[in-house]
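**Q** Mind having a look at this structure? Questions to follow.
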Amino acid sequence: MSGVRFVQRVSATRGFARVAPHVFPALDRAVHRLTRGKVLLSAQLLPGVVLTSTGAKSGLPRRAPLACMPEEGGRSWLLVGSNFGRPGHPAWSHNLLAHPEARISWKGQDIPVTARLLEGAERAAAWQVVLGFWPPYAAYQARVDREIRLFRIVRR
């Protein structure tokens, strides 16, 4: 079994969903800060961005390291609100719904973006592409009653 397949298997487990949200984002934030935006540990396996959005309730800047699926040669990205297969939507997704104008750090560049929640046929098509990109998202969706939010963010 290849390393990627092993990680996919592990990341689809409930145990991973309990531990990962407490470990990986904190490590990603620290390494990203120490390398001045040039390195995300999680991006060694999956492409990643650090999303800076505006808090839906607080109005304060909120940073979240996220896996992403780049599209169109880096002009847009898909963000999956899987929350590691846990029941609630992740906070960053609430923030983008309230304030779609955000910024991402992508490969050391700070990029202004606008987010749009995908729905209907557009979401269904993008979801199939995302599943081909990272199959464990299917296990996350099977564990939760909510529809996992899928956003497309584009450069402003």
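Bear in mind that the values in this text are calculations on the coordinates, not laboratory data. Keep in mind that what you see is a predicted model, and the values were worked out from it rather than measured. We place every Cβ from the backbone using ideal geometry, glycine too, and count neighbours over all the protein chains shown.
**Q** From the list PRO100, PRO65, which residue is touching a strand residue (DSSP E or B) at 6+ places or on another chain (Cβ under 6 Å), surrounded by 15 or more Cβ atoms within 10 Å (Cβ to Cβ) and either within 25 Å of ARG5 (Cα to Cα) or of a type in the set (Lys, Arg) (or both)?
**A** Going through PRO100, PRO65 in turn, the sole match is PRO65.
**Q** Next up: If you take the residues in the range 103-155 that are within 17 Å of ARG86 (Cβ to Cβ) and of a type in the set (Gly, Ala, Ser), which one is surrounded by the fewest Cβ atoms within 10 Å (Cβ to Cβ)?
**A** Among them, the one singled out is ALA142.
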